[in-house]
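J.: Below are the structure tokens for one structure; questions will follow.
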Amino acid sequence: DLKRNDEFGTLADSLNHMASTLRADNEKLKMLNEKQSQFFADITHEVRNPLHTISGALEMLELENLQPEKKKQYMVTAQKQIKRVARLFEDIKTLQRYDFDESFISRKKIDLKQLVVEAEQAYQPIAQKKGLELVAKNITSCKVNADPDKLEQVLDNLISNAIKYTLQGTVEVGFEMKDDVVEVYVKDTGPGIGPEHLDRLFDRFYRTDKARSRDKGGTGLGLSVVKGILNAHQSDIKVESKVGKGSKFYFRLPTLD
Ligand code: ADP
């Protein structure tokens with residue numbers, strides 16, 4: 001009988017354990033579900049605005065006796081918004097991938113020097129057009145094990161944000177080697193980001209100023225894409241910022257010989 005009691009005890013323990021695992025799984029599923037629903041609600045909202053603007057511009061284009069300058073203006077508006085929707089779906093595609101497939105990065109030995117110099121050259125015309133100075137600082141050869149395309153996207157997003165939100169001054173991109181890690185950074189003399197935003201800055205669709213971000217063609221997904229890509233590299237994105245002074249976004253990667 002004693003032995004039987006023991007067996008029942010063990011059985012009851014395992015049943016209890018199973019029940020609590022199931023409860024935890026259920027909670028996780030519920031949270032995932034809520035996150036998914038929120039994500040879809042956000043997307044719907046984000047697509048509705050540009051579609052509204054495009055439809056308005058098309059209506060105006062139908063008017064007779066429209067002045068050529070006005071016509072041009074409406075065309076540009078429509079095109080800008082179409083590009084924004086396209087960018088939004090590109091970002092969503094990237095986010096979906098890293099959510100459901102951790103192996104979406106494909107690492108190889110690459111030189112950061114080449115990546116940073118290429119990014120700087122690609123953004124030089126846009127920076128110059130805005131009257132900003134874009135510089136790549138202290139660039140030497142530095143080998144890391146990373147996915148070159150994804151890292152290029154990280155630099156693209158950080159540099160384009162810096163240029164987008166900075167009204168005057170300098171955007172600097174570079175890296176510093178410290179022992180066996182390298183710290184890659186993008187620094188600007190822009191408006192800075194208040195401490196109250198820092199917790200949620202890398203969340204999907206979070207913006208410190210919704211109107212300004214949309215006006216500049218932002219999708220609100222750039223930084224969450226950056227975070228996802230870096231997490232897949234076992235790294236993380238960090239920010240230091242002072243309102244009125246500027247921001248510095250940076251991340252670390254182990255260096256190779
Ligand atoms: P967005 O498409 O709106 O730029 P991101 O995810 O790239 O989306 O950035 C989220 C928000 O973080 C932006 O809307 C902006 O408020 C803020 N932000 C990002 N980079 C900078 C920066 N360099 N300077 C100031 N604010 C920034």
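The values are calculated or read from the model by the stated rules, or taken from the named source; none is laboratory data. Here the structure is a predicted model, which is why all the values come from computation and not from measurement. Please note: Cβ atoms are built from the backbone with ideal geometry, for glycine as well, and neighbour counts cover all protein chains shown. Areas reflect the complete protein model, heavy atoms only, side chains present, ligands, DNA and RNA absent. Shrake-Rupley method; radii C 1.70, N 1.55, O 1.52, S 1.80 Å.
J.: Could you grab me the full set of residues in segment 232-247 that are more than 28 Å from R97 (Cβ to Cβ) and of a type outside the set (V, I, T)?
T.: Listed by number, the residues that qualify are E240, S241, K242, G244, K245, G246.
J.: Looking only at segment 220-235, filter to residues that are open to solvent by 10 Å² or more (accessible area, probe 1.4 Å) and within 12 Å of the chain's Cα centre (by Cα); which one of those is farthest from K93 (Cα to Cα)?
T.: Result: N231.
J.: Could you list all residues from segment 222-242 that are touching a residue at least 24 places away in the same chain (Cβ under 8 Å) and over 21 Å from E196 (Cβ atoms)?
T.: Of everything in segment 222-242, those that are touching a residue at least 24 places away in the same chain (Cβ under 8 Å) and over 21 Å from E196 (Cβ atoms) turn out to be V225, G228, I229, L230, N231, A232, H233.
J.: Report whether or not V186 is surrounded by 18 or more Cβ atoms within 10 Å (Cβ to Cβ) and under 20 Å from the mean Cα position of the chain (by Cα).
T.: Against the criterion (surrounded by 18 or more Cβ atoms within 10 Å (Cβ to Cβ) and under 20 Å from the mean Cα position of the chain (by Cα)), V186 qualifies.
Matching residues to (1) more than 8 Å from the ligand (Cβ to nearest atom); (2) in a loop (DSSP other than H, G, I, E, B); (3) touching a residue at least 60 places away in the same chain (Cβ under 8 Å); (4) buried (at least 21 other Cβ atoms within 10 Å of the Cβ):
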site	(1), (2), (3), (4)
L167	yes, yes, no, no
V173	yes, no, no, yes
G190	no, yes, no, yes
D199	yes, yes, no, no
R212	no, no, no, no
F249	no, no, yes, yes
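J.: Next up: With respect to the numbered conditions (1) among the polar types (S, T, N, Q); (2) within 9 Å of the ligand (Cβ to nearest atom); (3) buried (at least 18 other Cβ atoms within 10 Å of the Cβ), which one is the sole condition not fulfilled by T208?
T.: (3)
J.: Restricting to segment 68-89, count the residues that are in contact with a Leu (Cβ under 9 Å, 6 or more places away or on another chain) and not hydrophobic (A, V, I, L, M, F, W, C).
T.: 5
J.: Now a separate question. In segment 26-40, is there at least one residue being in a helix (DSSP H, G or I), without any contact (Cβ under 8 Å) to a residue 24 or more places away in the chain and under 21 Å from D215 (Cα atoms)?
T.: No, the conditions are met nowhere in segment 26-40.
J.: Consider L151 against the criteria (1) under 24 Å from K245 (Cα atoms); (2) of a type in the set (A, V, I, L, M); (3) assigned to a helix (DSSP H, G or I): it satisfies all of them except one. Which criterion is unmet?
T.: Failed condition: (1).
J.: Which condition from (1) without any contact (Cβ under 8 Å) to a residue 40 or more places away in the chain; (2) more than 10 Å from the ligand (Cβ to nearest atom) is the one that V154 breaks?
T.: Only one criterion in (1) without any contact (Cβ under 8 Å) to a residue 40 or more places away in the chain; (2) more than 10 Å from the ligand (Cβ to nearest atom) is unmet by V154, namely (1).
J.: Would a scan of segment 227-238 turn up a residue that is over 30 Å from N49 (Cβ atoms) and in a strand (DSSP E or B)?
T.: Yes, there is a match, as at least one residue in segment 227-238 is over 30 Å from N49 (Cβ atoms) and in a strand (DSSP E or B).
J.: Sticking with this one: Just for segment 66-96: of the residues that are charged (D, E, K, R) and buried (at least 18 other Cβ atoms within 10 Å of the Cβ), which one is farthest from N145 (Cα to Cα)?
T.: R84
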